[in-house]
Amino acid sequence: MKDNVLTLAPGTLYVAIGPAASGKSTAAADFPVDAVVCLDELRREISGGNPGDQSVTPAAVARQNSLLNEHLAAGRSVLVDSTNVEPHVRAGLLDLAQLHGRETVALRFLTDLDTCLERNAQRTPERRVPDDVLRWQHSLSQDATPETLAAEGFTYVLAKHADTLPEIRFIVITSPDRRHAFYWATPAEHFNQMLTIWNRDEDMTAEPYEFADPLLVAETQAWIADTQRDTGRPSNVMVGSVENGQWVNWNLDAPRPPVPTW
């Protein structure tokens with residue numbers, strides 16, 4: 001995927017994949033799509049108020065698929081907010097996207113099991129999932145590896161972290177002849193310090209830069225959060241580099257954008 005250079009087209013189908021209480025609905029509230037289709041909300045509507053009423057799940061799934069068909073046919077980007085941990089469920093969603101010729105993105109929610117169990121215990125009774133069911137969902141979500149999801153037919157597979165992500169800023173560092181550019185990300189609180197350090201180097205110039213793609217930003221945030229958690233200290237990461245007007249390095253699974261101008 002890192003070798004693909006494209007921007008996700010209008011009408012892309014985003015499929016959340018993760019157990020209950022992994023943060024899918026929280027992320028969906030701010031996700032940059034035209035529409036969100038939430039299976040729990042459809043169960044609530046059909047049952048008259050209970051999002052956990054499994055007896056209405058077949059009707060809710062039928063309504064979900066009807067809405068997805070409507071959005072995809074109209075070219076709207078849409079996020080499916082449900083667990084989607086079972087391969088046959090994902091296959092049905094991929095079939096819908098293929099029917100309309102749409103790209104698909106799998107969003108893997110990587111929240112650990114203990115956190116999911118703790119959050120689930122704090123839910124109201126009608127939204128609480130039995131612990132054995134949640135453990136089963138979590139196990140299946142772990143089986144949905146990037147390689148597995150790519151083999152199933154997803155255009156892209158991205159990790160989505162449900163925990164609070166750090167605010168970040170991007171910097172482009174260029175050579176005097178402007179033939180080489182290096183795109184770095186840093187925690188926002190270290191942004192000015194990093195600019196100052198690089199601009200002390202007479203052979204390089206550092207300037208602020210903004211990537212517009214929210215998925216690219218979110219993946220970079222997750223990368224920095226993971227690195228800080230693993231090392232215990234603030235971290236800077238290089239997103240990619242350009243040489244003579246061509247990408248020569250790209251370190252994210254998110255699609256790399258057209259070569260920036262600076």
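The values are calculated or read from the model by the stated rules, or taken from the named source; none is laboratory data. What you see is a predicted model; the values in this text were computed from it and never measured. Glycine gets a Cβ as well: all are built from the backbone with ideal geometry, and neighbour counts include every protein chain shown. Surface areas here come from the heavy atoms of the whole protein model, side chains and all, with no ligands, DNA or RNA. Shrake-Rupley method; radii C 1.70, N 1.55, O 1.52, S 1.80 Å.
Miscellaneous remarks
- No other residue among ALA74, ALA9 is small (Gly, Ala, Ser), modelled with pLDDT of 95 or more and open to solvent by 40 Å² or more (accessible area, probe 1.4 Å) apart from ALA74.
- Candidate set: the range 95-124, residues that are assigned to a loop (DSSP other than H, G, I, E, B) and among the β-branched types (Val, Ile, Thr); chosen: the one nearest to the chain's Cα centre (by Cα): THR111
- Remark: pairs (first residue in the range 127-145, part of a loop (DSSP other than H, G, I, E, B); second residue surrounded by 13 or more Cβ atoms within 10 Å (Cβ to Cβ); Cβ separation under 7 Å; 6+ apart in sequence or on different chains) = ARG128/ASN120; VAL129/ALA20; VAL129/ASN120; ALA144/ILE17; ALA144/VAL85; ALA144/ARG108.
- Looking only at the range 205-238, and only at residues there that are open to solvent by less than 40 Å² (accessible area, probe 1.4 Å) and not in a helix (DSSP H, G or I), the one that is modelled with the lowest pLDDT: SER235
- Condition check for LEU134: within 18 Å of the chain's Cα centre (by Cα) and open to solvent by less than 20 Å² (accessible area, probe 1.4 Å): no
- Taking the range 7-40 as the range and being under 25 Å from SER139 (Cα atoms), in a loop (DSSP other than H, G, I, E, B) and small (Gly, Ala, Ser) as the test, the residues that pass are GLY18, ALA20, ALA21, SER22, GLY23.
- Scanning the range 246-262 for residues that are at pLDDT 90 or above and either closer than 22 Å to ASP177 by Cβ or not in a loop (DSSP other than H, G, I, E, B) (or both) turns up GLN246, TRP247, VAL248, ASN249, TRP250.
- In the range 32-70, the residues that are in contact (Cβ under 8 Å) with a residue 60 or more places away in the chain and touching a strand residue (DSSP E or B) at 6+ places or on another chain (Cβ under 8 Å): ASP40
- In this entry, ASP114 is excluded by the filter for residues that are at pLDDT 95 or above and either open to solvent by 70 Å² or more (accessible area, probe 1.4 Å) or closer than 20 Å to ALA254 by Cα (or both).
- The set of residues from the range 17-55 being open to solvent by less than 30 Å² (accessible area, probe 1.4 Å), modelled with pLDDT of 95 or more and under 28 Å from PRO125 (Cβ atoms) comprises ILE17, GLY18, PRO19, ALA20, VAL37, CYS38, LEU39, LEU42, ARG43.
- For the range 239-251, the set of residues classified as surrounded by fewer than 19 Cβ atoms within 10 Å (Cβ to Cβ) and closer than 22 Å to LEU107 by Cα consists of ASN251 only.
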